[in-house]
Structure formats: C-alpha cells, structure tokens
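Q: What follows is a structure written as structure tokens; I'll ask about it next.
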Amino acid sequence: MEIFEKLITRTETSSVKWDRTKEVFGTNDVLPMWVADMDFEAPKEVTEALLERVRHGVFGYTFPRLDTKEAIMKWVKRKHHWEISSEADILFSPGVVTALSTAIQALTNKGDKVLLQSPVYTPFFSMIEKNGRKVENSPLYLHDNRYQIDFRDLEQKLSMPDVKMMLLCNPHNPSGRAWTKEELQKIGDLCIKYEVIIVSDEIHSDLMLRGKIHVPFASLGNSFSNQCITCIAPSKTFNLAGLQASAIIAENKELREKITTVQQQQGIGGLNALGITAMKAAYEQGDQWLEQLLLYLEENADILTSFIEARLPNVKVIRPDASYLIWLDCRELNLTEQELTRKLLYDGKIALEPGSKYGHGGHGFIRMNIGCPKSTLNEGLLRLEKALNS
Ligand SMILES: Cc1ncc(COP(=O)(O)O)c(C=O)c1O
C-alpha cells in the first residue's frame, strides 16, 4: 500500500491542519494530528476526473445533475444496503456542518432544545447555540472501554416538550463507536414516540474497520426514514473535505421542503464545479481505493494500540469501530487539561484535540488522528510518549 506511505508536504496549501497550528496552538513547531482530514492523496480516479474538469476551463454556475444523485444512491446501496426511495429525496450542501445548521433552522424554532450525546463533535454544540437553540445533553458513558447510551436518561430528555430534534452521530466522533441496529431502533422508537426529529450525521459511515457494519438510521424502515434526515459526504471517506460537497437525504417531503426553503433563504443552491466532479468520481470509482485505505487504517490502529499498551500503560485506547480518529483516555495520568495540553505542545511538540472540546465527559481525553503515513504515525507516537512521560 505504497500510496499511503507517501509523505506529502501540506504546509502552504491553506490546510487547516498544517497551516493553522500557530493560530490555534500558538506554535508552528508541532506535528499536527488534530483536524479530521487525512494526509493522503485522494484516489487517482478522482484526481483524474478533476484534472479533466479543470482542463475544460469553463467554471460557470453548476448544479449536481441526476448522474451525481444516481452515484450517491448506488453507493449507499452497495455499501450500506440502503435504498433511497427517489433521487428527489437528495439535497446538497457545501458541508455537513452547514447541513446541520440548515436543519436546525428549518426544523426547530428559536428557544427549542436540540439533544446531543456528549462527548461529541464540537460543532454540534456551536450550531445549536449559534442558531439560538438550547443544548440538551444525554451524555454517553463508558463501560468496558466502550461508549454506551443511557436509554433511561435519553428517554427522559426526549420526553421534554421543548426537545424537538436529536443530533445523532453515527459512527460517533470522537469515539468511533458505530451504533448497532438494536440501539438505533431504540433511539428511533423513542424519537417517534416523543415526536423528535433525528438528524443523523453519517459522515464517517464509509470508514468501517475490520468488517464492522454501518446501519443507516433511515434504512430501518419507513417510520424511521420519515422521522429523520441523513447527512453524508465523500469528504472523510476520500479525503475531499476542501472541495466542500455533501448531501442531505430527506425522504420525508415536509422536512425536505422546509430544508429547501431555508437553503433558498441562505442562497445555498448547487455545489461547486470541482465538488460535484469529485463526489461523482469518488462514489462511482472509489471502491478499490477505499478497500486499501481501510486496511491501512486498521494497521495504523493496531500500531497505535500496541505502542500505547507497551509504552504508555496509563493511557487507554478506545478502539474505534470506524474512522481514523482515536480517542485516548488519559484520566489515569491525573493531569489538568492545562497540564496535559502544555506537555503535548511543549514537551512532545504534538498538536492534538483536547477532550474538553467535546463537552461533558471529554475532560482527561485527547483525540489523535491516525489518517497519515506510518512514518508520521510513529513520529507522533514517540512525541506522545515523550510528552506524557515527561
Ligand atoms: C461528525 C462530523 N460531522 C461533520 C464533520 C464536518 O463535515 P463538513 O466538513 O462536511 O462540514 C465532521 C468533521 O470532522 C465530523 O466529524
């Protein structure tokens, strides 16, 4: 898998991960393993499609045609056995975070509560709050090193009359936990019972490791697909986040129309020309590359786990079902977050996401991105050891 071994300089490419460390961490002298993109080239099929599009040379207004929608429908059917009923159910959004914000604006009112399950991807909190809604949290808990849902707490929160929406992260960022069919059914039954709309963020769903299965929430039957909208994108899967192309699947016409109205208010129309090209090429031709990527990520996860077990016994690895983000439990080190951050930045010279960014339950954890060549990973692990053993 030589393609993933290639070291590519990403500084001076306007990369958030590589070019924003000074702004965010106060220093450039760190190995960045924070932002959730990979240091790999996209599949060559995607790059070739982009080159051909660029050579065309005309970059007027664009919109995703039926062939892009068909590529999406075939992809989710092939990968996740999910049959989207009609291409009319597919809307587009520059990003999944934009889609979350649009959904919150379209499907809830100011002052309503939106439920999330912390620790969770930071923009879940900010999109709720910046849109004048309130966060209702039903925290996950760790049992045998695996995150679980407290269903009694979830039901109690969903039954509150002002909770109108639940943001579901499946697979979950930062823990990599993929929710099972049974868990999703329980969530869905509760949301239907209490008339809570689900926004299922499935951006990490193509990155299932070791043959684990992703269950799209909407694939669990009509009553479920009617109660939800789903956000997907090729951005994590094929490392295309900078091209800003994602899709919203809304099989419920009423929800879809409300989302369309807000998109029109915001002037969100189609997608950019390169985003469309990349999305279509990735979903049509990316299978083989993805297979290779998953094997590489599994190896990286094994390397990290062995290293930490051998050299940092006070740190626990939360083994992910999916994706390239590893959630590390450092609570046994008994460090404040300030001490942990300082050690990582100044002793180890490594930039990682501090756990508190993910809300309640995140303190004492760090998130490490292993979507990189093994040489970078090994360097990162040595820096982590240096930081935490200092
Ligand atoms: C759960 C989740 N949703 C959304 C995003 C970002 O999506 P986008 O770049 O399409 O806005 C991320 C990126 O890390 C993520 O982990």
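Q: Given a Förster distance of 56 angstrom, what is the FRET efficiency for residue 153 paired with residue 9, based on the Cβ-Cβ distance and rounded to 0.05?
A: Between residue 153 and residue 9 the formula returns 0.75.
Q: With only Lys, Arg, Asp and Glu charged, each at its Cβ (+1 for the first two, -1 for the last two), find how big the charge dipole of segment 23-150 is about the Cα centre; round to the nearest 20 debye.
A: 440
Q: Same structure, new question: I'd like the Karplus ³J(HN,Hα) series for segment 346-352: coefficients 6.51, -1.76, 1.60, θ = phi - 60°, whole numbers in Hz, and an x wherever there's a Gly or Pro.
A: For segment 346-352, the Karplus-derived couplings read 9, 8, x, 6, 9, 9, 10 Hz, x marking Gly and Pro.
Q: Which whole-Hz couplings ³J(HN,Hα) result when phi for each residue of segment 298-312 is put into the Karplus expression 6.51 cos²θ - 1.76 cosθ + 1.60, θ = phi - 60°, listed in order with x for Gly and Pro?
A: Along segment 298-312, the couplings run 5, 4, 4, 5, 5, 4, 4, 4, 4, 4, 5, 4, 7, 10, 10 Hz.
Q: Still on this structure: Are there any trypsin sites (Lys or Arg not before Pro) in segment 23-72 that are in a DSSP loop and have at most 13 other Cβ atoms within 10 Å? List them by number.
A: Filter output for segment 23-72: 65.
Q: Select from segment 90-144 those trypsin sites (Lys or Arg not before Pro) which occupy a DSSP coil region and have at most 13 other Cβ atoms within 10 Å, ordered by residue number.
A: Hits after loop and neighbour filter: 110.
Q: Please list, or write none, the lysines whose alpha carbon is within less than 27 Å of the alpha carbon of residue 343, excluding same-chain residues fewer than 8 places away.
A: Qualifying lysines at Cα under 27 Å: 17, 22, 316, 357, 374, 386.
Q: Considering only 105, 388, 200, whose Cα is most displaced toward the positive end of the charge dipole of the chain, charges sitting on Cβ of Lys, Arg (+1) and Asp, Glu (-1)?
A: So the residue furthest toward the plus end is 105.
Q: Work from the charge dipole of the chain (Cβ charges, +1 for Lys and Arg, -1 for Asp and Glu, about the Cα centre) and give the residue of 243, 167, 373 farthest towards its positive end.
A: Sorting the options by dipole projection puts first 167.
Q: Still on this structure, I have one more. Rounded to whole Hz and in sequence order, give me ³J(HN,Hα) for segment 63-70 from the Karplus expression 6.51 cos²θ - 1.76 cosθ + 1.60, θ = phi - 60°, writing x for Gly and Pro.
A: Taking θ as phi minus 60°, the curve returns 8, x, 7, 4, 5, 6, 4, 5 Hz for segment 63-70.
Q: Right, something else. Using only helices, what value at 222 nm comes out for the chain when you add -39,500 (n - 2.57) per DSSP H run of length 4 or more and divide by the total residues, to the nearest 500 deg cm²/dmol?
A: That comes out to -12000 deg cm²/dmol.
Q: Simple spin-label model, 7 Å along Cα-to-Cβ: residue 374 to residue 109 in nm?
A: Spacing of the two 7 Å Cα→Cβ label points: 5.9 nm.
Q: Follow-up. Report the calculated FRET efficiency for residue 78 and residue 382 (r = Cβ-Cβ distance, R0 = 51 Å), to the nearest 0.05.
A: E between residue 78 and residue 382, to the nearest 0.05, is 0.80.
Q: Let me spell out the model: positive unit charges on the Cβ of Lys and Arg, negative unit charges on the Cβ of Asp and Glu, origin at the Cα centre of the chain. What dipole size does that give, in debye rounded to 20?
A: 560
Q: Check each of the GluC sites (Glu not before Pro) in segment 120-222 and keep only those in coil by DSSP with at most 12 other C-beta atoms within 10 angstrom; list them in order.
A: Filter output for segment 120-222: 195.
Q: Now for a different question. When a footprinting reagent is the concern and you count Cβ atoms within 10 Å, what order do 128, 90 take, fewest first?
A: The fewest-first ordering by Cβ neighbours comes to 90, 128.
Q: Only counting other Cβ atoms within 10 Å, I'd like 13, 98, 237, 260 sorted with the fewest neighbours first.
A: So the ranking, lowest neighbour count to highest, is 13, 260, 98, 237.
Q: Here's a follow-up. How would the chain be classified by its alpha-carbon gyration tensor: rounded, prolate or oblate, with rounded meaning a/c under 1.5 and the a/b versus b/c comparison settling the rest?
A: oblate
Q: With only Lys, Arg, Asp and Glu charged, each at its Cβ (+1 for the first two, -1 for the last two), find how big the charge dipole of segment 280-332 is about the Cα centre; round to the nearest 20 debye.
A: Taking the Cα centre of segment 280-332 as origin, the dipole is about 260 debye.
Q: Expressed as a rounded percentage, what relative contact order does the chain have, with Cα pairs under 8 Å and six or more residues apart?
A: Normalised by residue count, the contact order of the chain is 24 percent.
Q: At residue 292 and residue 222, where each label point lies 7 Å from the Cα along Cα→Cβ, what is the point-to-point distance in nanometres?
A: 4.4
Q: Would you mind classifying segment 141-262 by shape? Square roots of the alpha carbon gyration tensor eigenvalues, ordered a ≥ b ≥ c; an a/c under 1.5 is rounded, otherwise it is prolate if a/b is larger than b/c and oblate if not.
A: Here segment 141-262 falls in the oblate category.
Q: Taking R0 as 56 Å, what's the FRET efficiency between residue 389 and residue 253 from their Cβ-Cβ distance, rounded to 0.05?
A: 0.45
Q: A further question on this structure: As I understand it, the dipole of segment 264-347 uses +1 on the Cβ of Lys and Arg and -1 on the Cβ of Asp and Glu, about the Cα centre. Which of 340, 318, 295 lies farthest toward its positive end?
A: Sorting the options by dipole projection puts first 340.
Q: Can you sort 3, 229 so the residue with the fewest Cβ neighbours within 10 Å comes first?
A: 3, 229
Q: Starting from the amide H of residue 365, placed 1.01 Å from N in the peptide plane, find each other amide H under 5 Å away whose residue is 5 or more places distant or on another chain.
A: Those qualifying (amide H under 5 Å, at least 5 residues apart or on another chain) are 330, 355, 356.
Readers should treat all values here as calculations from the given coordinates under stated rules, not as data from a laboratory. As the structure is a prediction and not an experimental result, all values here were calculated from the model. Neighbour counts run over all protein chains shown; Cβ positions are idealised from the backbone, glycine included.
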